[in-house]
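Participant: Here you go, one structure.
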Amino acid sequence: MATARLGWRALGLAARRARLLPAASPRLEPASARALSLRNSRPLGVKGQEAGRVPPGTGPLQPLWAAPAHTQSRDSALDHLAGIAPGEAGPSLGGPSAPPACAFPGDHKSLLSHRPDQPKNPKVLRVAIIGAPNAGKSTLSNQLLGRKILPVSSKVHTTRCNAQGVITAEDTQLIILDTPGLTTAAKGKRHNLEKTMLSDPFDSLNDADLVLVLVDVSDRHTRHQLHPQVLCCLKQFPQVPSLLVLNKVDLVKRKGLLLELVVELTEGAFGGKRLGIRSLYRPPKSTPAEPVGKGPGLASAKEDKTPENSKAQKGWPGFREIFMLAALQEEEVDTLKKYLLSQAQPGPWEYHSDVLTSQSPQEICANLIRARLLEHLPHEVPYLVTQKTALWEEGPAGELQIVQNLEVPKERYVKMLIGQQGQVISKIATEAGYDLMNAFLCEVQLKLSVQLKE
């Protein structure tokens with residue numbers, strides 16, 4: 001009987017992990033939501049296009065609406081079968097102390113306008129996180145914040161602008177400045193990126209007290225040297241203390257390699273002393289250097305020549321500390337967080353303790369949906385999607401109702417986004433809906449409409 005009960009318990013825990021909102025999440029106020037669920041609701045008059053099928057001979061594609069299916073509530077029947085009491089669970093993704101993001105614009109503006117509830121001896125630290133595209137900056141930021149509010153995907157340039165997250169612990173407040181991956185004007189044009197993405201990482205260092213340089217050590221092509229634009233940032237702001245953070249160390253099989261990478265990325269110096277170790281790595285001769293332009297990150301497509309000193313320098317000898325972690329697996333993230341809290345200096349808080357982010361609810365929503373588009377659409381297609389919020393209001397039961405239009409420039413992209421029998425758009429809506437519920441901690445009704453851009 002004990003063995004059978006253990007089997008049911010394991011099944012219940014697995015089911016709970018499949019639901020993106022863990023059972024240990026704080027209970028919601030009855031006024032904002034009755035249960036954590038998504039309701040499948042479709043507008044009238046779309047039967048001909050249901051599930052993404054378009055009857056032959058009907059002419060151009062019309063907008064298709066997609067909404068996620070109904071999911072189990074937090075205290076589901078499966079939990080009762082597994083013998084798990086309500087509220088009993090493993091560690092929460094958000095953690096008990098992470099407040100939810102505001103779901104409605106009015107509440108968000110009101111909270112930001114509140115005076116910070118200053119403790120007796122407040123301390124504050126502004127931390128900028130920079131690195132090459134897809135190094136894991138947003139993943140690390142989400143783990144530090146204790147809630148997923150920043151977009152994450154396996155494709156580059158998921159983060160499109162600077163975003164501020166707020167961590168409040170006792171008398172200390174950390175301001176996390178998540179930045180877009182450092183890039184060039186040529187790549188920005190290729191991926192249809194905003195021009196501000198070139199200068200945003202440099203702007204964040206203007207306000208930072210500390211900078212984390214994140215390096216993806218699982219990428220064997222880029223891990224042996226800092227991104228040239230990262231070096232430009234560090235050279236432009238040498239007065240800002242910097243930390244080297246090696247991410248995705250769980251994917252490196254030969255752990256001795258990590259020590260070699262430290263030598264290369266620090267130019268063999270750390271804490272003002274030379275390291276008594278040398279690297280055995282020899283870069284291939286054919287590997288071209290990343291172009292670095294003039295000014296604060298504004299690399300031009302025509303300026304492909306890299307200065308000689310940038311070619312020679314691969315690392316930065318001024319790092320104060322070195323951390324090795326796996327942000328996605330939450331390994332050693334707490335160690336880094338404790339260090340950051342210990343580095344905070346006396347000073348007034350900038351935000352009320354209930355603030356999680358300076359982003360508006362619409363920005364959070366657009367970012368999380370775009371992350372899912374990047375995951376499920378191939379090549380350049382997700383970078384060509386224009387997102388427009390058509391509806392954002394509170395429903396009769398306090399739920400958040402969102403309608404977002406997804407516009408694409410070509411009809412074949414419409415079919416690609418809808419997918420066979422509407423599978424692609426439905427999956428995007430379902431996964432984005434879960435992400436929104438985890439961010440806002442309220443019931444969400446999300447509808448996505450695919451349209452051909454006029």
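Participant: Write down the accessible area per residue of region 333-454 in Å², having rolled a 1.4 Å probe over the full set of protein chains.
Facilitator: Spelled out: the 1.4 Å probe surface of region 333-454, per residue, equals 40 Å².
Participant: Moving on to the next point. Please list Phe440, Phe270 in order of solvent-accessible area, largest first, computed with a 1.4 Å probe with all protein chains present.
Facilitator: Highest to lowest solvent-accessible surface, that is Phe270, Phe440.
Participant: Report the Cα centroid-to-centroid distance between region 376-399 and region 225-259 in angstrom, as an integer.
Facilitator: 35
Participant: Now a separate question. Compute, for Arg223, the solvent-accessible surface of its heavy atoms (probe 1.4 Å) with the complete set of protein chains present, and express it in square angstrom to the nearest 10.
Facilitator: Ignoring ligands and nucleic acids, Arg223 comes out at about 40 Å².
Participant: Could you tell me the relative contact order of region 342-440? Use alpha-carbon pairs under 8 Å, at least six residues apart, and round to a whole percent.
Facilitator: 24
Participant: Sequence-distant or interchain residues sharing an amide H contact under 5 Å with Ser242, placed H: which?
Facilitator: Val211, Arg320
Participant: Still on this model: Once neighbouring chains are kept in place and the probe is 1.4 Å, which whole percent of the accessible area of region 372-449 is contributed by carbon and sulfur?
Facilitator: Carbon and sulfur together cover 45 percent of it.
Participant: Moving on. Using r as the Cβ-Cβ distance of Ser110 and Lys410, and R0 as 56 Å, what FRET efficiency do you calculate, to the nearest 0.05?
Facilitator: So the FRET efficiency works out to roughly 0.85.
The values are calculated or read from the model by the stated rules, or taken from the named source; none is laboratory data. All values derive from a computational prediction rather than experimental measurement. Every residue, glycine among them, receives a Cβ derived from its backbone with ideal geometry; neighbour counts consider all protein chains shown. Note: areas computed on protein heavy atoms with side chains; ligands, DNA, RNA excluded. Shrake-Rupley method; radii C 1.70, N 1.55, O 1.52, S 1.80 Å.
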